Amino acid sequence: MLVSVEVTRFIHNMKPTNHVILFYDSPESKRRILSTYIANGLENEKGALYICSEETPDQIRKGFAASGIDVEANEASGKLIIKYYDPFYIENDQVDPLKILNEWQDVLAGMNAKGLGLRGTGEMSCFFKHEKVRELM
């Protein structure tokens, strides 16, 4: 199944400061929408960062590759970064919001140094799984 025309149009018209929360009804829906989001960014001179927690980085890579993204080439060039939430979000069972912001800022600075913008997505379910939601407030 393809991503709906409305969702595709929304993704293509996103501005650099837009933030979106995605609710999905199946892992397949999530993969389709996020693959479209990441692919659109890569096609438009943006790097991409994906922080996963529901799937492993290898599962994300396989899903992206199945959707037509050249994962190997984009990772090799540094345009695509796929990381697991631990230690990006939660390290030694601790959440440090300032560290998380600095991590995102470092990735953005690295992409900017390559002349790229940044498309980023981060799964947040790990905070619920580890009962760390209050640390973010």
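The values are calculated or read from the model by the stated rules, or taken from the named source; none is laboratory data. The shown structure was predicted, so the numbers you read here are calculated from the model rather than taken from an experiment. Quick reminder, even Gly has a Cβ in these numbers, built from the backbone with ideal geometry, and neighbours come from all protein chains shown. We work out accessible area using only protein heavy atoms, side chains counted, and drop any ligands, DNA or RNA first. Shrake-Rupley method; radii C 1.70, N 1.55, O 1.52, S 1.80 Å.
Among the residues of the range 54-74, is there at least one that is acidic (Asp, Glu), assigned to a loop (DSSP other than H, G, I, E, B) and open to solvent by less than 60 Å² (accessible area, probe 1.4 Å)?
To start, the set of residues in the range 54-74 that are acidic (Asp, Glu) comprises 54-55, 58, 70, 72.
Applying the additional criterion that residues be assigned to a loop (DSSP other than H, G, I, E, B) yields 54-55, 70.
After this cut, where a residue has to be open to solvent by less than 60 Å² (accessible area, probe 1.4 Å) as well, the list is 55.
For the range 54-74, residues acidic (Asp, Glu), assigned to a loop (DSSP other than H, G, I, E, B) and open to solvent by less than 60 Å² (accessible area, probe 1.4 Å): present.
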### Task
Could you tell me whether Gly115 is in contact with a Gly (Cβ under 9 Å, 6 or more places away or on another chain), among the small types (Gly, Ala, Ser) and either under 24 Å from Ser35 (Cβ atoms) or not in a strand (DSSP E or B) (or both)?
no
### Query
Of everything in the range 1-52 that's without any contact (Cβ under 8 Å) to a residue 40 or more places away in the chain and small (Gly, Ala, Ser), which residue is most open to solvent (accessible area, probe 1.4 Å)?
Ser4
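Take the conditions under 23 Å from Glu6 (Cα atoms), in a loop (DSSP other than H, G, I, E, B) and of a type in the set (A, V, I, L, M) and apply them to Leu22. Does it pass? Before you say what the answer is, go through the steps one by one.
Details: under 23 Å from Glu6 (Cα atoms): yes; in a loop (DSSP other than H, G, I, E, B): yes; of a type in the set (A, V, I, L, M): yes.
Criteria met by Leu22.
Could you tell me how many of the residues in the range 45-99 are charged (D, E, K, R) and touching a Leu at 6+ places or on another chain (Cβ under 7 Å)? Walk me through how you get there before you give the answer.
Here is the first cut: in the range 45-99, the residues charged (D, E, K, R) are 45-46, 54-55, 58, 61-62, 70, 72, 75, 79, 83, 86, 91, 93, 96, 99.
Pick out the ones that are also touching a Leu at 6+ places or on another chain (Cβ under 7 Å) and you get 45-46, 79.
Count: 3.
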### Summary
Within the range 88-112, of all residues that are in a loop (DSSP other than H, G, I, E, B) and charged (D, E, K, R), the one nearest to Ser77 (Cα to Cα) is Asp96
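Yes/no matrix, rows are residues, columns are (1) touching a Cys at 6+ places or on another chain (Cβ under 8 Å); (2) among the basic types (Lys, Arg):
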| site | (1), (2) |
| --- | --- |
| Lys83 | yes, yes |
| Asp86 | yes, no |
| Leu108 | no, no |
| Ala113 | no, no |
| Gly117 | no, no |
